[in-house]
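Have a look at the structure below, then the notes.
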Amino acid sequence: PEKLRKLDQLRDADLNPDYCSAIRTFTRELWESLQAKRINGDVVSSPAAWLDLLRSFVEKLNDPEAVPSIQGAYDAMVENESYRAMQAALEQHSLAMDQVTLKLPINTAQLESETAAALAEAEQTFNKSAGRWDKRGEWLSKLKSHLQERQETILQTNHVKSRETCEQILRDVDGFVRDRLQRGDYNKVNGAGEYVQDMERVKEDYKKQAKDKGPAFPEVLEAFEEREEKERKAQLIAACKKLEEVTAHHAQEKEEQWNKTYELVNKVTKKKNKKCTLL
């Protein structure tokens, strides 16, 4: 009786050897011959899944308005297992996307290739953990919906970063042209030709530096050419016209001055000729 009151404190040496032997034989038989518990044909091997089953069943037992059932507990367990698998897949996908984001901006083809690999790995992770539970594919559909939203977000982010990067590159390579415009270097004869040559150099340098900087590469150049066409060329044309006007005005002044000089010389010559005649 004394030993029974302290049964949890006893060692094997304190028990009857025959009893210990029988217990070891019974335990060995359990481990070696029994099959894993199956519900609806599926093996429940996850500790978290067993905990979900137990928690759901006990909650129904404690609810006076509910009837506990193994099927109800099983359904709750499936929901929780699927949710955990989806969260694990999303977390894995986030880590992969963090690495891709560090590379932005990149070309759309390269981005789609890397994100496709991350999507496939996320789905594989989910199916490995919860594919047997999500028989109707509802949770997989939820996962794909979340992944699609992330795909659209990273594509937009890449486009924004691409535009910012390409615009900065264009500002850098175009800097010397802006400086020359500000100084009025092109406001001269053949200035337009120099400007065209400089702009060809700007565009070539931009294409070399920005060609691998994402999807905004062509649109940034097109917007720049349109803006440059309207603003800069209009400015240069106005300057050229003004230069022509000034040149024409100077030419007219020289012509008038030459005419006056010619008339004066003619007068002096006529006077000299008249004196010679009188003599």
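The values are calculated or read from the model by the stated rules, or taken from the named source; none is laboratory data. Please read all numbers here as calculations on a predicted model, not as lab measurements. Don't worry about glycine lacking a Cβ; one is built from the backbone with ideal geometry, like all the others, and counts go over all protein chains shown. With ligands, DNA and RNA removed, areas are computed over all heavy atoms of the protein, side chains included. Shrake-Rupley method; radii C 1.70, N 1.55, O 1.52, S 1.80 Å.
Computed quantities for the displayed model
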{"read-out": "Residue among E204, E194, E152 that is of a type in the set (D, E) and more than 30 Å from A238 (Cα to Cα)", "value": "E152"}
{"read-out": "Some residue of the range 202-212 being more than 23 Å from L104 (Cβ to Cβ) and open to solvent by less than 50 Å² (accessible area, probe 1.4 Å)", "value": "yes"}
{"read-out": "Filter result (part of a loop (DSSP other than H, G, I, E, B) and closer than 30 Å to T165 by Cα) within the range 97-152", "value": "L102, K103, L104, P105, I106, N107"}
{"read-out": "Matching residues, the range 168-190, being touching a residue at least 40 places away in the same chain (Cβ under 8 Å) and open to solvent by 50 Å² or more (accessible area, probe 1.4 Å)", "value": "N187, K188, V189"}
